[in-house]
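The values are calculated or read from the model by the stated rules, or taken from the named source; none is laboratory data. The shown structure was predicted, so the numbers you read here are calculated from the model rather than taken from an experiment. Note that each Cβ is placed from the backbone with ideal geometry, even for glycine, and that neighbours are counted across all protein chains shown. To get the accessible areas, we keep the full protein, side chains included, count just its heavy atoms, and leave off ligands, DNA and RNA. Shrake-Rupley method; radii C 1.70, N 1.55, O 1.52, S 1.80 Å.
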Amino acid sequence: MSLESEIKTQYEEFFRPDDWSTFKCAADYYFENAATVLKKDIQHNDNNLKLLFRNIQKRLYIGIACEFLLKAIFLKNGYVINKRVNANTPQGKYPFIAADVDPNYFDKSNTLTFNDLLQKLFKVIEAKKGERKAIEKGLKIAKVFRNKEGHAVTVFHDYNPQNYRDIEDSLALTL
């Protein structure tokens with residue numbers, strides 16, 4: 001077993017609908033931290049980098065919070081968030097209703113990605129056609145925040161306040 005596999009087993013769990021509140025609580029935690037982190041909270045000697053790191057942290061936390069919130073929504077509505085062990089078992093396509101499947105067919109060490117959840121969201125929640133675009137737009141922005149801030153450091157970033165409003169609008173329509 002590889003080191004990565006060994007460590008991954010420490011986090012193995014088949015998430016059940018009752019686990020939704022843990023994901024929601026984690027989402028709230030990250031949203032709160034994104035909203036309240038200040039430059040003075042960043043431990044770094046270079047004052048110019050404090051602003052950079054604060055902004056990175058805000059965007060990263062928003063992205064993580066949105067992914068956890070989507071997982072909470074799926075679970076609260078009775079759906080599986082774990083990936084399948086075998087692409088053919090159980091038969092059918094996501095989203096799977098947790099009460100209708102054998103947990104042994106699902107990988108306890110892997111959950112659906114942000115993108116997977118976003119693609120299936122409207123099979124789990126109802127939204128008017130006009131609202132769907134706004135929900136998708138905000139969540140896609142949050143996904144990019146999470147992906148980019150988690151994988152690269154860009155010293156200069158074009159700040160667009162509309163991005164944050166789009167995420168906020170998306171969340172208001174989703175909840």
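Here are some notes:
- The range 26-89, relative contact order [Cα under 8 Å, separation at least 6], %: 38
- For the range 74-136, a simple Cβ point-charge model (Lys and Arg +1, Asp and Glu -1, everything else neutral) yields a dipole of about 220 debye relative to the Cα centre.
- Structural descriptor for the chain: relative contact order 25 percent, calculated from alpha carbon pairs under 8 angstrom and at least 6 residues apart.
- When you restrict to C-alpha pairs under 8 Å that are six or more residues apart and normalise by the size of the range 119-175, the relative contact order lands at 56 percent.
- SER21 versus ASN115: modelled label distance in nm, points set 7 Å from Cα along the beta carbon direction: 3.5
- You can think of it this way: the chain between ASP100 and GLU13 has 29.5 nm of extra reach, that is 0.36 nm per residue less the Cα-Cα gap.
- A compact globular protein would have a Cα radius of gyration near 2.2 N^0.38 Å; the ratio found for the range 1-103 is 1.42.
- For the chain, the mean residue ellipticity at 222 nm estimated from helices alone is -19500 deg cm²/dmol, where every DSSP H run of n ≥ 4 contributes -39500 (n - 2.57) and the total is divided by all residues, rounded to the nearest 500.
- With distances taken between every two different alpha-carbon atoms, the chain has a Kirkwood hydrodynamic radius of 17.6 Å.
- Note on exposure: SER5, SER170 ranked by accessible area (1.4 Å probe, complete protein assembly) read SER5, SER170, with the most exposed listed first.
- Of all accessible heavy-atom area on the chain, the percent that carbon and sulfur account for (1.4 Å): 49
- Remark: spin-label model distance ASP107-ASP169 equals 3.6 nm, labels positioned 7 Å along the Cα→Cβ axis.
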